[in-house]
Amino acid sequence: MKSIRSGLSVVGRKPGLVALIYAVNVFTALVIAVPLYIGLSRIVGPTGFGFDLAAGSNIVVWADIIESLSHVSAAAFVQVMWILPVVFLAKVVSSVGLINAIRDDGIRSFWPGVGQYGGRAIVLGLAYLLVTIVGTIGITILLAIGYSVFSGEVGTYRMTVYVVPSMFLIFFAIIDLFHDYSRIKLVKDEVPVMRCFFHGFAWPWRHRGSIAIYVFWYLGAAILLVFPTLLDTNMAASTIGGIVVLFLIQQVVMVLRSAVTVAWFGSEVTYYEKIDWSLAPMIAGDATGGESGLESSPAVST
């Protein structure tokens, strides 16, 4: 809880970080929304349906459209595929800048962290991306086996509604947790990328508080992610005033999500530094040949 409160205090002490992360989120949202809108328009346009067909999520109609306009759908898919690397780069590079600005009681700043650690953070992110791809293939194989075992209507329904989303959510959350502490290690200790990579897999299991911190902020972020879907967007978008109000609410939600991101990394960095400092006397003792290092630690002797 001390680490969580410290993360919240970072938001109050460094509102500029929230603004920077908000700017990154707005940029990535535009990068996603504009090509996606163009791609969907190219698919829906020749059918005679309005663009609001996309909001209806009519799977049967969409399947017929994609089947009859396969060449247009393929072109739209290729058009939006370049979005993923851009979003990946923006998130990875901004995260190390954020960690650099938070660590050591916030005496550093965001942009030097981006410049100094951005390249290695991308390499580290690619390593985790490879793990994610391999893990996704493994889970897909397990799910295929599960579908063959539970082949009935009830079994298929439970697999689709409960098992599949749960397995992927848990898997991606675990990988993200490991990735967080790998990035913190990269910025804090400035060690080789592969050492940070393996460190991320081991550190959370040695210090279980990191898992509790992650779950706390994960739930908070999930609530903010689901909240906009609860709004009646069709009713709000029916008038000019409703559109303005809806836009403002969306911006407030994005600012809150940015604040959660800053507080999230603030909590994790604080917890990491707390453990790092608590282990420092023992590490110093090992280096000097002492039994525990406590006797030779300057911090203890004073």
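Read the figures in this text as sums done on the coordinates, not as results from a lab. Remember, predicted model here, so these are calculated numbers, not experimental data. Backbone-built Cβ (ideal geometry, glycine too); neighbour counts: all protein chains shown.
The distance linking region 106-158 with region 162-176 is 9 Å (Cα centroid to Cα centroid, whole angstrom). Taking 0.36 nm per residue of sequence separation and removing the Cα-Cα distance, the Val34/Lys91 pair yields an extension gain of 18.7 nm. Protection proxy ranking of 138-147, 10-19, 174-183, by the mean of other Cβ atoms within 10 Å over each peptide's residues and highest first, is 174-183, 10-19, 138-147. Of the Cα atoms belonging to region 183-233, the radius of gyration and Dmax stand at 16.2, 49 Å.
Can you figure out the FRET efficiency of Asp176 with Ile243, using R₀ = 25 Å and their beta-carbon distance, to the nearest 0.05? Step by step, r from the Cβ atoms, then E = 0.15.
Excluding Ile122 itself, calculate the net charge of residues whose Cβ lies under 12 Å from the Cβ of Ile122, where each Lys or Arg counts +1 and each Asp or Glu counts -1. With Lys, Arg at +1 and Asp, Glu at -1, the net is +3. Take the Cβ atoms of Met167 and Asp104, set R0 to 30 Å, and the FRET efficiency comes out at 0.20. Entry for region 103-206 at q = 0.11, 0.20, 0.21, 0.24 Å⁻¹: log10 I(q)/I(0) = -0.48, -0.98, -1.04, -1.22, Debye formula applied to identical alpha-carbon scatterers, no solvent contribution. In this simple spin-label model, placing a label point 7 Å from the Cα along the Cα-to-Cβ direction at both Gln251 and Val149 gives a separation of 5.2 nm. Taken over the alpha carbons of region 140-275 as equal point scatterers, the Debye sum produces base-10 log I(q)/I(0) values at 0.14, 0.16, 0.21 Å⁻¹ of -0.86, -0.94, -1.12.
Taking a Cβ cut-off of under 15 Å around Val215, the surrounding Lys, Arg, Asp and Glu residues balance to a net charge of -2, with basic ones at +1 and acidic ones at -1. Under 13 Å from a label point set 7 Å out along the Cα-to-Cβ vector of Arg206, the amide N atoms of region 172-189 belong to 182, 185.
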